[in-house]
Amino acid sequence: MFKKLIDNSTAKSPWIYHINAGSCNGCDIELVAVLTPRYDAERFGFKLAGTPRHADIVVVSGPVTSQSKERLIRTLEQVPEPRVIVSLGSCPRSCNVFKGSYSVEGPLDKFCHVDISVAGCAPKPEAIVLGLAQAAQLLKQKREEAAQK
Amino acid sequence: MIRFPYVREALTQVFSKPSTEKYPFVKKEAPENYRGRIKFHPDRCINCGMCIRVCSPGAIVRTVEKQEDGDLVTMEFHMDSCTFCQMCADFCTKNSIELTKDYEMVASDPKDLIESGTFLKKKPVPKKPISDELPPAPKVDDPEM
Ligand code: SF4
Ligand code: SF4
């Protein structure tokens, strides 16, 4: 009975962890704007988690610089399955204007599977809300699949 | 007398609407000149390559396929690589690129973020060959000479 209660509550409140892999801070500011009362993603239960071990959805921004690569991999390893990885903006998908730079090791899908990508440079907060909503749906699907196994 | 300085403010806040955007339920229009999803009009493009030249992240890919009556040109705008700077649209002399107000660019499949268009660039019609014959020589018995 308790398990069901916990399952229901976790489905309604996915926790977000945000990794900045060398982003210019544009996307990060927009993500923070999404969590403020103006766009209020917390209406849908999203909550910024303090540690990757508590996270369900990982939001990655930035083109994965050489400095952040090790940390990114280490952080992603700590996120428990099932997890959903959302790429925020153009950088994690393709390195954007930084592609070919000596200090950039991206794109992100070299290191992990990207489930949802939100395009834009930087994406509009509305688009981020939409992306997070899709991520929450995908997370629910993944949880159900994991429960059936 | 005791003063309650914030009572009025508190009361108005209690009875006023929240400032939260009701986003997924009420769609908001993007502001004027917002640079969102790219729309490409292949019927206007002349394959001059100016957009590819000005695009700093190299988000535009052109593939040319040779055909009998010309080149089959495919332009692909990779919106997952774009900075939405609008340089391509500004430099396009034929106005064939347009950045729309659509900001909902969310995809689980990266192919959804590619805008592509194909058109046939016809070969130029060959001009009439210039004849090898020399023009007639001027008359010698011209009185003014
Ligand atoms: S908007 Fe800028 S980055 Fe995007 S395709 Fe056009 S020139 Fe390239
Ligand atoms: S889209 Fe415009 S700038 Fe680009 S090749 Fe076509 S005509 Fe030239």
Check: Here is a list of conditions, (1) more than 7 Å from ligand 1 (Cβ to nearest atom); (2) surrounded by 14 or more Cβ atoms within 10 Å (Cβ to Cβ); (3) under 11 Å from the mean Cα position of the chain (by Cα), and B:His78 meets all of them except one; can you say which number that is?
Finding: (3)
Notebook entry, point to check: Does B:Cys45 qualify as being in a loop (DSSP other than H, G, I, E, B), within 15 Å of ligand 2 (Cβ to nearest atom) and open to solvent by less than 100 Å² (accessible area, probe 1.4 Å)?
Noted result: yes
Next item on the list: Please list, ordered by first then second residue, the pairs with beta carbon atoms under 6 Å, 6 or more apart or interchain, first in the stretch A:18-46 and touching a residue at least 24 places away in the same chain (Cβ under 8 Å), second acidic (Asp, Glu) and surrounded by fewer than 21 Cβ atoms within 10 Å (Cβ to Cβ).
Entry: A:Asn20/A:Asp28; A:Tyr39/B:Glu21
Item checked: Those residues of the stretch B:86-113 which are closer than 19 Å to B:Asn33 by Cβ, within 13 Å of another protein chain (Cβ to nearest Cβ) and part of a helix (DSSP H, G or I), in sequence order -> B:Met87
Margin query: Checking the conditions here, which among A:Phe44, A:Phe2 is surrounded by fewer than 17 Cβ atoms within 10 Å (Cβ to Cβ), within 13 Å of chain B (Cβ to nearest Cβ) and not aliphatic (A, V, I, L, M)?
Written below: A:Phe44
Checklist line | From the options B:Ser131, B:Ser56, residue that is small (Gly, Ala, Ser), within 14 Å of chain A (Cβ to nearest Cβ) and open to solvent by 40 Å² or more (accessible area, probe 1.4 Å) | finding: B:Ser56
Note to self: Pull out all pairs, ordered by first then second residue, where Cβ-Cβ is under 6 Å, the residues are six or more apart or on different chains, the first lies in the stretch B:50-63 and is over 19 Å from B:Lys121 (Cα atoms), and the second is within 8 Å of ligand 2 (Cβ to nearest atom) and hydrophobic (A, V, I, L, M, F, W, C).
What the structure shows: B:Val54/B:Phe91; B:Cys55/B:Cys88
Note to self: Of the conditions (1) within 9 Å of another protein chain (Cβ to nearest Cβ); (2) among the hydroxyl-bearing types (Ser, Thr, Tyr); (3) open to solvent by 60 Å² or more (accessible area, probe 1.4 Å), A:Tyr102 satisfies every one except a single condition; which number is it?
What the structure shows: (1)
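The values are calculated or read from the model by the stated rules, or taken from the named source; none is laboratory data. Remember, it's a predicted structure, so these values are computed and weren't measured experimentally. Neighbour counts run over all protein chains shown; Cβ positions are idealised from the backbone, glycine included. Surface areas here come from the heavy atoms of the whole protein model, side chains and all, with no ligands, DNA or RNA. Shrake-Rupley method; radii C 1.70, N 1.55, O 1.52, S 1.80 Å.
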